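The values are calculated or read from the model by the stated rules, or taken from the named source; none is laboratory data. These figures come from a predicted structure and were not determined experimentally. Neighbour counts run over all protein chains shown; Cβ positions are idealised from the backbone, glycine included.
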Amino acid sequence: MRTENQKAWFFVLPVLLLVAFNALIPMMTVVNYSVQETFGNNVFFFEGLRWFEELLNSDRFHAALGRQFLFTGIILAIEVPLGIIIALSMPRQGIWVPVCLVTMALPMLIPWNVVGAMWNIFALPDIGLLGYLMNHTLGIPYDMTQNPLAAWITIIIMDVWHWTSLVVLLSYAGLVSIPDAYYQAAKIDGASPWSVFRYIQLPKMKTVLTIAILLRFMDSFNIYTEPFVLTGGGPGNSTTLLSIDLVKIALGQFDLGPAAAMSLIYFAITLLVSWLFYTLMTKDDAK
Amino acid sequence: MAKITLSKLRHSYYPDPSGPDDYALKEIDLDWSDGGAYALLGPSGCGKSTLLNIISGLLTPSEGRILFDDVDVTDLPPNQRNIAQVFQFPVIYDTMSVFDNLAFPLRNRGVAEDVVRSRVLEIAEMLEVTDMLSTRAANLSPDNKQKISMGRGLVRDDVNVVMFDEPLTVIDPHLKWKLRSKLKELHQKVRATMIYVTHDQTEALTFADQVVVMQEGEIVQIGTPVELFERPAHTFVGHFIGSPGMNVLPADIRNGSAYFEGHKVEVEGRISLGEGLTQLGVRPEFVRIADAGLPARVRKVADVGRHSVVDAMVGDTLVKAISTGDLPAQGEAVHLAFTASHTRVYRDGWLATERAGA
């Protein structure tokens, strides 16, 4: 019989405790809420899977989920290619490198609610720089407080402005790690600029790009602060994304049971999509 | 395949070079004939990679011309020069299979797919990678990756020259030897002009028919491995090639004879006239421990395998000798004899004796 040293488990214990208190236990309370109905004075009734059933059949949830996927889809479709294009056109050496990097990093340093407030003021039809320019100088009707399309365009531009830099910086890190010899060899092999991108730059960026896309997916799928400050979910419900709807149910209506059930489904979707995406992106490496 | 001519080539990395020190390459004139195997040998920073990049077109020289078969290619980009280059670190296209990697240079040039196929199979056969053709190139070991890099250079049958820039740097020692002989074998098969850049004398001497030795942006000697060993044109060559390198000893020239530590030394031929620092050069292989000659004291004897290296002090100067016979003991007083036909005078580093009989 071979004996194994089991002492290592002790070293894992502190982390286990930490994770238990900041993730597992709070999560379990959510699970607990999700199967109960709450009334005042801490009165609880067991409801089983009722909230889950109701939620999955609710039009309101479907609509919010649809808006959420639409939003995430659009910003990924814009930010990823745009980020790669910007990274490709940034200088690789010289005095402009730090200038570009700092400029790129700036939007990400601004707190989220400030970003929302900034864009809110920027886009106000009467006094905002953008709003005034569109309505009064260019004569294009633009009012994100009244028009759903205008509201959507504004939150998308805001997110692109705020987060494209993340894709840029990660792609750039991937790009500068490519040794010169690769470009020289490609020149000698007679590769076209597209081939250089397709067979050298893209494969070398793949790892960081996977991380960038995952982060952007998770962050944009869970986005709350910026659209909440900018549009508050309106006009109507047109920009009520999942998280905004969730907060409305939990804190606005104080329906803790349905909100807990929604949180769990929300979490499961984020997890599932992230896992699917990661598996698809890395499946080639195993060959 | 082509003859390569470098004419009055100079290169500086500075926009306005002022002195000779600003030049990475100082006036290179060279003719390489079609189908030869050449090595560029020199220490790091001697300009050999600069020269290579100028030939491949990755760098444009500050002055001078490059001709392939008497056609000026100085201003042509790399892809129009029909050259191939293998780099220090293997360059492979990770996402492609080995087959696609080898086919890449051909497909980029619009070669018909059946021709591509037969060329790739032929090269894969030569490199012994046929069984790997369908694997993803990213999963190969470093030596196989480097083989694929070489293969991409050799797959085109119209290349003027294939260049190797220290291609064995990242290869394990026991595989280095294999790849080196493979390369030599390939040269005999494809008969392309090949230029091999290295700072390793063994690699240069085993690969090349002609070795170009460079130092500080200058060519110090061009010759066959035997010539470089037997008659170094510069003390640098004598010292850089050989193990241990040539003894370079202080010398006085009086009345046409050379003196070392007060003793007259016979040299290969007449000493040319001139001013400058004079030195004697003699390889340890041509220093014998003899009954008569320069008095010396043995400081150290090192057994290096087939022979021993004896460090002896003549006055205050260290002289190395290679000995296979009876070895002297440490501290013993001996006499050293130099073989006159292989003892030469160098002035300011350059050879200053005439060949025996001249």
Exercise for the section: Taking B:V265 as meeting all but one of (1) closer than 27 Å to B:Q221 by Cα; (2) of a type in the set (A, V, I, L, M, F, W, C); (3) surrounded by 18 or more Cβ atoms within 10 Å (Cβ to Cβ); (4) at pLDDT 85 or above, write down the number of the exception. Expected result: (4)
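Does B:K300 satisfy the criteria of being within 25 Å of the chain's Cα centre (by Cα) and either surrounded by 13 or more Cβ atoms within 10 Å (Cβ to Cβ) or of a type in the set (K, R) (or both)?
Judged against the criteria, B:K300 is not a match.
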Problem - Candidates A:A20, A:A64, filtered to the one that is under 20 Å from the mean Cα position of the chain (by Cα) and at negative phi - result: A:A64
Exercise for the section: Please indicate, with yes or no, whether at least one residue in region A:193-216 is more than 14 Å from chain B (Cβ to nearest Cβ), over 21 Å from A:I85 (Cα atoms) and among the hydrophobic types (A, V, I, L, M, F, W, C). Expected result: no
Fill in the blank from the handout: Within region A:239-287, of all residues that are of a type outside the set (D, E) and assigned to a loop (DSSP other than H, G, I, E, B), the one nearest to the other protein chains (Cβ to nearest Cβ) is A:K287
Exercise for the section: Kindly indicate the residue of region A:166-192 that is surrounded by fewer than 21 Cβ atoms within 10 Å (Cβ to Cβ) and among the charged types (D, E, K, R) and also farthest from the other protein chains (Cβ to nearest Cβ) among those meeting that condition. Expected result: A:D180
Exercise for the section: Mind counting the residues in region B:46-58 that are part of a helix (DSSP H, G or I) and closer than 15 Å to B:M214 by Cβ? Expected result: 8
Exercise for the section: Can you tell me which residue among B:R306, B:R355 is within 28 Å of the chain's Cα centre (by Cα), farther than 24 Å from B:A258 by Cβ and at pLDDT below 85? Expected result: B:R306
Problem - Output for region A:73-106, where each listed residue is assigned to a helix (DSSP H, G or I) and either in contact with a Leu (Cβ under 9 Å, 6 or more places away or on another chain) or of a type in the set (D, E) (or both) - result: A:E79, A:V80, A:G83, A:I84, A:A87, A:L88, A:L101, A:M104, A:A105
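Could you please let me know if B:F236 is touching a residue at least 24 places away in the same chain (Cβ under 8 Å), farther than 18 Å from B:G293 by Cβ, out of contact with any helix residue (DSSP H, G or I) (no Cβ under 9 Å at 6 or more places or on another chain) and not polar (S, T, N, Q)? Outline the logic, then answer.
Numbers: touching a residue at least 24 places away in the same chain (Cβ under 8 Å): yes; farther than 18 Å from B:G293 by Cβ: yes; out of contact with any helix residue (DSSP H, G or I) (no Cβ under 9 Å at 6 or more places or on another chain): yes; not polar (S, T, N, Q): yes.
So B:F236 fits the description; yes.
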Practice task
Could you list all residues from region B:100-115 that are surrounded by fewer than 20 Cβ atoms within 10 Å (Cβ to Cβ) and assigned to a helix (DSSP H, G or I)?
Solution key: B:D100, B:R107, B:N108, B:E113, B:D114, B:V115
Problem - Residue, farthest from B:M194 (Cα to Cα), within region B:131-155, restricted to residues that are touching a residue at least 60 places away in the same chain (Cβ under 8 Å) and more than 9 Å from chain A (Cβ to nearest Cβ) - result: B:Q146
Problem - Count of region B:156-169 residues which are within 11 Å of B:V190 (Cβ to Cβ) and more than 10 Å from chain A (Cβ to nearest Cβ) - result: 2
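So that you can scan it fast, the table gives a plain yes or no per residue for (1) polar (S, T, N, Q); (2) more than 14 Å from chain A (Cβ to nearest Cβ); (3) surrounded by 23 or more Cβ atoms within 10 Å (Cβ to Cβ); (4) farther than 13 Å from B:Y38 by Cβ:
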{"residue": "B:L175", "(1), (2), (3), (4)": "no, yes, no, yes"}
{"residue": "B:V190", "(1), (2), (3), (4)": "no, yes, no, yes"}
{"residue": "B:Y196", "(1), (2), (3), (4)": "no, yes, yes, no"}
{"residue": "B:D209", "(1), (2), (3), (4)": "no, yes, no, no"}
Exercise for the section: Go through (1) in contact (Cβ under 8 Å) with a residue 12 or more places away in the chain; (2) away from chain A (no Cβ under 14 Å) one by one and return the number of the condition B:P15 breaks. Expected result: (1)
Handout entry: Identity of the residue in region B:268-289, part of a loop (DSSP other than H, G, I, E, B) and charged (D, E, K, R), that ends up surrounded by the fewest Cβ atoms within 10 Å (Cβ to Cβ)
Key = B:E275
Exercise for the section: Scan region A:142-153 and give yes if some residue there is of a type in the set (S, T, Y), touching a residue at least 60 places away in the same chain (Cβ under 8 Å), away from every other protein chain (no Cβ under 14 Å) and crowded, with 18+ Cβ neighbours inside 10 Å, otherwise no. Expected result: no
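I need the full set of residues from region B:59-89 which are away from every other protein chain (no Cβ under 14 Å) and in a loop (DSSP other than H, G, I, E, B), in order please.
B:P61, B:S62, B:D69, B:D70, B:T74, B:D75
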Practice task
Evaluate region B:290-299: report whether one residue or more is out of contact with any Phe, Trp or Tyr (no Cβ under 8 Å at 6 or more places or on another chain), more than 12 Å from B:V345 (Cα to Cα), of a type outside the set (F, W, Y) and not in a strand (DSSP E or B).
Solution key: yes
Practice task
Considering every residue within region B:117-125, establish whether at least one is among the hydroxyl-bearing types (S, T, Y) and either touching a Pro at 6+ places or on another chain (Cβ under 9 Å) or within 13 Å of chain A (Cβ to nearest Cβ) (or both).
Solution key: no
Practice task
Go through region B:119-169 and count every residue that is among the charged types (D, E, K, R) and farther than 17 Å from B:Q88 by Cβ.
Solution key: 9
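Within region B:262-282, work out how many residues are under 19 Å from B:H342 (Cβ atoms) and not basic (K, R).
Number satisfying all stated conditions: 13.
Being touching a residue at least 24 places away in the same chain (Cβ under 8 Å), among the β-branched types (V, I, T) and closer than 20 Å to B:D158 by Cα: is that true of B:I92 here?
It is false that B:I92 is touching a residue at least 24 places away in the same chain (Cβ under 8 Å), among the β-branched types (V, I, T) and closer than 20 Å to B:D158 by Cα.
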